[in-house]
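Some notes on the structure that comes next.
The values are calculated or read from the model by the stated rules, or taken from the named source; none is laboratory data. Given the structure is predicted, the values throughout are model-derived calculations rather than measurements. Counting neighbours? That spans all protein chains shown, and the Cβs are built from the backbone with ideal geometry, glycine included. Accessible surface areas use protein heavy atoms only, side chains included; no ligands, DNA or RNA. Shrake-Rupley method; radii C 1.70, N 1.55, O 1.52, S 1.80 Å.
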Amino acid sequence: MQPSTWLARVRHDLVKRLVWPARDRRDMGGAPAPGELAPDLIDEEGRQITAAALWAALAADAPVGADLATFEAAVASAAAAADAGDVQGVIALEDAFSALARSLEGKS
């Protein structure tokens, strides 16, 4: 799989779904309600899945050279932040995704 195609899947299936509720809460202000930042994630077959399991499935298709360990830690941190109602902790996943994308620049 091409790095750009894989990154698009990671962004769409995982990053966007985790980060957008946190961004929305940040923009609206106030404290998140319990569970508000922990969206229901789904796998390719439409079944509910944890962030860690979804990342593991995506990582299995990763192109050579991707910094998987660092991003995996960021996914775990973002999921924990979502459970704790930590808006900025979830949003930090965007920076980790950017670093993951940079780790693949120029690799095809």
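The figures follow:
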| item | result |
| --- | --- |
| Filter result for ARG25 (under 13 Å from the mean Cα position of the chain (by Cα), surrounded by 13 or more Cβ atoms within 10 Å (Cβ to Cβ) and among the basic types (Lys, Arg)) | no |
| The stretch 1-46, residues that are assigned to a loop (DSSP other than H, G, I, E, B) and more than 25 Å from ALA69 (Cα to Cα) | GLY29, GLY30, ALA31, PRO32, ALA33, PRO34, GLY35, GLU36, GLU45, GLY46 |
| Checklist (1) more than 14 Å from the chain's Cα centre (by Cα); (2) of a type outside the set (Phe, Trp, Tyr); (3) at pLDDT 95 or above applied to GLY65, failing item | (3) |
| Residue check, ARG25 modelled with pLDDT of 95 or more, of a type in the set (Lys, Arg) and in contact with a Leu (Cβ under 7 Å, 6 or more places away or on another chain) | yes |
| Residue count, the stretch 1-19 (criterion: open to solvent by 80 Å² or more (accessible area, probe 1.4 Å) and in contact (Cβ under 8 Å) with a residue 12 or more places away in the chain) | 3 |
| First in the stretch 88-104 and acidic (Asp, Glu), second anywhere and assigned to a helix (DSSP H, G or I) and open to solvent by 20 Å² or more (accessible area, probe 1.4 Å), Cβ under 7 Å, 6 or more apart | none |
| In the stretch 72-98, the residues that are assigned to a helix (DSSP H, G or I) and either at pLDDT below 95 or not hydrophobic (A, V, I, L, M, F, W, C) (or both) | GLU72, SER77, ASP83, GLN88, GLY89, GLU94, ASP95, SER98 |
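Residue by residue, here is whether (1) among the small types (Gly, Ala, Ser); (2) surrounded by 19 or more Cβ atoms within 10 Å (Cβ to Cβ) holds:
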site: ALA51; (1), (2): yes, yes
site: ALA57; (1), (2): yes, no
site: PRO63; (1), (2): no, no
site: VAL75; (1), (2): no, yes
site: ALA78; (1), (2): yes, yes
site: ALA84; (1), (2): yes, no
site: GLN88; (1), (2): no, no
site: LEU93; (1), (2): no, yes
